[in-house]
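Some notes on the structure that comes next.
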Amino acid sequence: MSEEAALTPVKALKPVFSQEMIAVRVRELAAEIDALYGQEPLVAVCVLKGGFIFFSDLVRALHNENMELDFVRLSSYGKKATSSKHVIFSKDVEIDIAGKHVLIVEDIVDSGHSMQFLMSQFAARRPRSLRLAALVDKGERREVDVKVDFAGFKLTEGFIVGYGLDYAERYRMLPGVFEVTL
Ligand code: 5GP
Ligand code: MG
Ligand code: MG
């Protein structure tokens, strides 16, 4: 209640990526991913909550019958003003990823701290390969060395919502992506 009251109200939502643009891009990424893995055993890992819509569209566009699906949720601790550098699992995968190809599916990579944490945790479990798909890559804002193997879109600035992405838990359900004006 108090947290909601303290929220800066949203003045406007400016369209950035339409539902149609996203659908086209998801099919292109799926074709690249299918071409790489074929029917090899693959674990696709959704990063909750933001990745859930991108993940559900992407996995339904893939044709790998040996694909397993699992979910993680990350929490970051630290002051809001600085980028959060302390990340923990609030939910880990349940599937053993050792010896399997792993594809992490994330909403957006910004500073890279969240994905650096997740990828180093996963790498220690000796997967056969480890790659990252993200709907949006804010590459110019990177603070640590994290490479997005399959990027839907690149963005240099702005805070976006929709298609899984939230502003204080709102707007995740919007079918397209919008930039928030406060
Ligand atoms: P990183 O650890 O790469 O700095 O942060 C990545 C996380 O920050 C994303 O998974 C997402 O939850 C959040 N984030 C970064 N940029 C945006 C944005 O423009 N919009 C929203 N809704 N979340 C963002
Ligand atoms: Mg995320
Ligand atoms: Mg969020």
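Values for this structure:
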quantity	calculated
Filtered residues of region 38-71 (kept if closer than 20 Å to residue 159 by Cα and crowded, with 18+ Cβ neighbours inside 10 Å)	47, 50, 51, 53, 54
Residue in region 100-115 that is surrounded by the most Cβ atoms within 10 Å (Cβ to Cβ), counting only those that are touching a residue at least 60 places away in the same chain (Cβ under 8 Å) and touching a Pro at 6+ places or on another chain (Cβ under 7 Å)	102
Exclusive hit being under 28 Å from residue 42 (Cα atoms), within 12 Å of ligand 1 (Cβ to nearest atom) and either touching a strand residue (DSSP E or B) at 6+ places or on another chain (Cβ under 7 Å) or of a type in the set (Val, Ile, Thr) (or both), set 162, 152, 158	162
Elements of type strands (runs of 3 or more DSSP E) contained in region 80-177, each with 2 or more residues being more than 16 Å from ligand 2 (Cβ to nearest atom) and more than 26 Å from residue 10 (Cβ to Cβ)	101-109, 129-137
Residue list for region 1-26, restricted to those being at pLDDT 95 or above and under 25 Å from residue 72 (Cβ atoms)	17, 22, 25, 26
Hits in region 117-172 - residues which are at positive phi and surrounded by fewer than 18 Cβ atoms within 10 Å (Cβ to Cβ)	126, 158, 168, 169
Pair list, Cβ < 9 Å and 6+ apart or interchain, from region 156-175 residues that are farther than 12 Å from residue 49 by Cα and of a type in the set (Val, Ile, Thr) to residues that are part of a strand (DSSP E or B) and within 12 Å of ligand 2 (Cβ to nearest atom)	160/108; 160/136
Condition check for residue 137: within 15 Å of the chain's Cα centre (by Cα), more than 16 Å from ligand 3 (Cβ to nearest atom) and within 20 Å of residue 18 (Cβ to Cβ)	yes
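The values are calculated or read from the model by the stated rules, or taken from the named source; none is laboratory data. Here the structure is a predicted model, which is why all the values come from computation and not from measurement. Heads up, the Cβs are rebuilt from the backbone with ideal geometry, glycines too, and the neighbour counts pull from every protein chain shown.
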